[in-house]
Each structure stands twice: as C-alpha cells, then as structure tokens.
Amino acid sequence: MAFAAPQKDRIMSIQQFIDNEVKSNDVVLFMKGTPQAPMCGFSAQVVQILDHVGVPYKGHNVLASDELREGIKAFSNWPTIPQLYVKGEFVGGCDIVREMFQAGELQALFTNNGIAVQQPVE
C-alpha cells in the first residue's frame with residue numbers, strides 16, 4: 001500500500017511547487033488547458049495577449065491536478081483562473097491582464113522587469 005501524505009503536507013508541497021515556479025520563471029500563467037490548447041475563453045484571451053506581446057512564458061494546466069487548481073487559488077488568494085505572475089508577483093486574471101494590455105501597462109510591466117517584448121507600446 002502506498003503512503004499518502006497527510007492533507008496538510010500535500011497542501012504545503014503544492015504551495016512550495018507554486019512558489020518555486022513563480023520565482024524561477026519570469027512569466028508564469030496558471031490556466032485551464034495549455035498555451036497550445038486553452039480549455040476556456042478566459043485562458044485563451046490571456047494566451048492570445050501574451051503571444052501577441054511576444055514574451056516567453058510557462059503555462060501550467062490546472063485541470064490536470066485538483067491540488068494545483070485549488071493550490072493556486074489559495075496561493076494568490078484569488079478565486080479565479082487564469083492567473084498571471086511576472087517575476088514572482090501576482091498580476092491578475094483575464095480582465096486585469098486585458099485592461100493592462102489595452103492601456104499599454106502590461107508591456108511596460110514586462111519591459112520594466114527586464115523581459116523583452118516583441119510588441120512594444122506604440
């Protein structure tokens with residue numbers, strides 16, 4: 001019989017995983033589906049924005065793991081997915097990312113953090 005970690009230990013390990021991912025990657029998107037195949041419209045919008053801006057990012061499919069899906073909500077204290085992180089900091093979900101992009105603030109956030117964009121603010 002396999003040993004299962006107590007619930008508290010599993011939560012801690014998913015929190016540690018998330019913390020490591022957002023700190024070791026410049027841009028991380030926790031989403032439903034993958035960047036190549038988003039599974040909801042909100043995730044698809046954020047992927048489209050990131051692809052348009054041209055920043056490299058790492059996508060995590062929260063549908064592949066209940067622990068990750070619940071863990072990311074607890075980590076950010078934000079109830080919805082997708083969630084975008086830049087240089088370890090939570091930026092927001094789809095509405096915030098879209099508004100920042102339309103105002104040129106998202107591109108500035110990337111540039112100010114030393115992340116090259118292919119579509120600078122015009």
Quiz item: Counting just the residues of the range 21-35 that are without any contact (Cβ under 8 Å) to a residue 60 or more places away in the chain and within 8 Å of the chain's Cα centre (by Cα), which one comes out surrounded by the most Cβ atoms within 10 Å (Cβ to Cβ)?
Solution: Phe30
Quiz item: Mind checking whether some residue in the range 35-42 is in a strand (DSSP E or B) and in contact with a strand residue (DSSP E or B) (Cβ under 6 Å, 6 or more places away or on another chain)?
Solution: no
Quiz item: Name the residues in the range 65-101 that are closer than 13 Å to Val27 by Cβ and either of a type in the set (Val, Ile, Thr) or part of a loop (DSSP other than H, G, I, E, B) (or both), would you?
Solution: Pro82, Val86, Lys87, Gly88, Val91, Val97
Practice problem: Among residues belonging to the range 16-34 that are part of a strand (DSSP E or B) and aliphatic (A, V, I, L, M), point out the one that is farthest from Val62 (Cα to Cα). | Solution: Val27
Quiz item: Among the residues of the range 47-56, is any part of a loop (DSSP other than H, G, I, E, B) and over 15 Å from the mean Cα position of the chain (by Cα)?
Solution: yes
Exercise. Working carefully through the options Pro79, Pro38, find the one that is free of Cβ contacts under 8 Å to residues at least 12 places away in the same chain, surrounded by 16 or more Cβ atoms within 10 Å (Cβ to Cβ) and under 14 Å from the mean Cα position of the chain (by Cα).
Key: Pro38
Quiz item: Just checking, how many residues over the range 41-68 are among the hydroxyl-bearing types (Ser, Thr, Tyr), touching a helix residue (DSSP H, G or I) at 6+ places or on another chain (Cβ under 7 Å) and in contact (Cβ under 8 Å) with a residue 40 or more places away in the chain?
Solution: 0
Exercise. Determine, yes or no, whether Leu106 is in contact (Cβ under 8 Å) with a residue 40 or more places away in the chain and either among the aliphatic types (A, V, I, L, M) or surrounded by fewer than 18 Cβ atoms within 10 Å (Cβ to Cβ) (or both).
Key: yes
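Bear in mind these aren't lab numbers, they're just calculated from the coordinates by the rules spelled out. Worth saying up front: this structure is predicted, and the values here are computed from it rather than measured. As a convention, Cβ positions derive from the backbone with ideal geometry for all residues, glycine included, and neighbour counts pool all protein chains shown.
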